[in-house]
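Visitor: I am attaching a structure below and will ask some questions about it afterwards.
The values are calculated or read from the model by the stated rules, or taken from the named source; none is laboratory data. Everything quoted here is computed from the prediction, not taken from an experiment. Here the Cβ positions follow ideal geometry from the backbone for every residue, glycine too, while neighbour counts run over all protein chains shown.
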Amino acid sequence: MAKENVCVWFELPVTDLNASRAFYEKATGHSFKEEKADGKPMLVFDYKDRATVSGHLYEGKPAGNGQGPTIHIAVEGTVEDAMQRAKDAGGTIVSPVIEIPAGRFVYCTDPDGNSIGLFTA
């Protein structure tokens, strides 16, 4: 059975919510909503509506060194622009730009070592 969205939500553990918010806002161009789950703060990537796949940042233990799963995040502007913004915000670019039928992306790690893809369709 095919689903509209295979991924419905993601969670990224980070060591410092404020520092991670600054990184992801700069690198991706997205904003966040501050919410709580079980009384604990989290930052939810702002989304268009409930049918939109999104996720959140929470204070936890990142896998580090790109060892965890890779989350691909749509970025504002070009992949090259996002690469520069990610580097300027403390991320590390770990691949060249990769082109696939669905779009273009680059692998990088955030300041906590989480593996992310900066993606444009």
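Visitor: Please work out which residue is nearest to HIS30 (Cα to Cα), limiting yourself to segment 97-121 and to residues that are exposed (fewer than 15 other Cβ atoms within 10 Å of the Cβ) and touching a strand residue (DSSP E or B) at 6+ places or on another chain (Cβ under 7 Å).
Guide: Here the answer is ALA121.
Visitor: Still on this structure, I have one more. Go through segment 60-72 and give me each residue that's in a loop (DSSP other than H, G, I, E, B) and farther than 12 Å from ASP112 by Cα.
Guide: PRO69, THR70
Visitor: Which one of these does THR52 not meet: (1) under 24 Å from ASN5 (Cα atoms); (2) of a type in the set (S, T, N, Q); (3) at pLDDT 95 or above; (4) surrounded by fewer than 16 Cβ atoms within 10 Å (Cβ to Cβ)?
Guide: In the conditions (1) under 24 Å from ASN5 (Cα atoms); (2) of a type in the set (S, T, N, Q); (3) at pLDDT 95 or above; (4) surrounded by fewer than 16 Cβ atoms within 10 Å (Cβ to Cβ), THR52 misses (3) alone.
Visitor: State which residue is surrounded by the fewest Cβ atoms within 10 Å (Cβ to Cβ) when the search covers only segment 36-49 and only residues that are within 16 Å of ARG21 (Cα to Cα) and modelled with pLDDT under 95.
Guide: Within segment 36-49, the match that is surrounded by the fewest Cβ atoms within 10 Å (Cβ to Cβ) is ASP46.
Okay, residues lined up against (1) within 19 Å of THR70 (Cβ to Cβ); (2) of a type in the set (Asp, Glu); (3) out of contact with any strand residue (DSSP E or B) (no Cβ under 6 Å at 6 or more places or on another chain):
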| site | (1), (2), (3) |
| --- | --- |
| VAL8 | yes, no, yes |
| THR28 | yes, no, no |
| LYS33 | no, no, no |
| ALA37 | no, no, yes |
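Visitor: Just to be sure before I move on: is GLY68 under 25 Å from GLU99 (Cβ atoms), modelled with pLDDT under 95 and surrounded by 12 or more Cβ atoms within 10 Å (Cβ to Cβ) in the structure I sent?
Guide: It is true that GLY68 is under 25 Å from GLU99 (Cβ atoms), modelled with pLDDT under 95 and surrounded by 12 or more Cβ atoms within 10 Å (Cβ to Cβ).
Visitor: Which ones in segment 71-84 are surrounded by 18 or more Cβ atoms within 10 Å (Cβ to Cβ) and farther than 27 Å from VAL8 by Cβ?
Guide: MET83
Visitor: To continue, here is another question. Grab the strands (runs of 3 or more DSSP E) fully contained in segment 73-121, keeping just those with 2 or more residues being in contact (Cβ under 8 Å) with a residue 40 or more places away in the chain and of a type in the set (Val, Ile, Thr).
Guide: 115-120
Visitor: Where residues in segment 8-35 are exposed (fewer than 14 other Cβ atoms within 10 Å of the Cβ) and over 20 Å from GLU76 (Cβ atoms), which of them is modelled with the lowest pLDDT?
Guide: VAL8
Visitor: Next question, about the same structure. Could you list, in sequence order, all residues of segment 60-74 that are farther than 13 Å from TYR107 by Cβ and in contact with a helix residue (DSSP H, G or I) (Cβ under 8 Å, 6 or more places away or on another chain)?
Guide: Residue satisfying the conditions is ALA74 alone.
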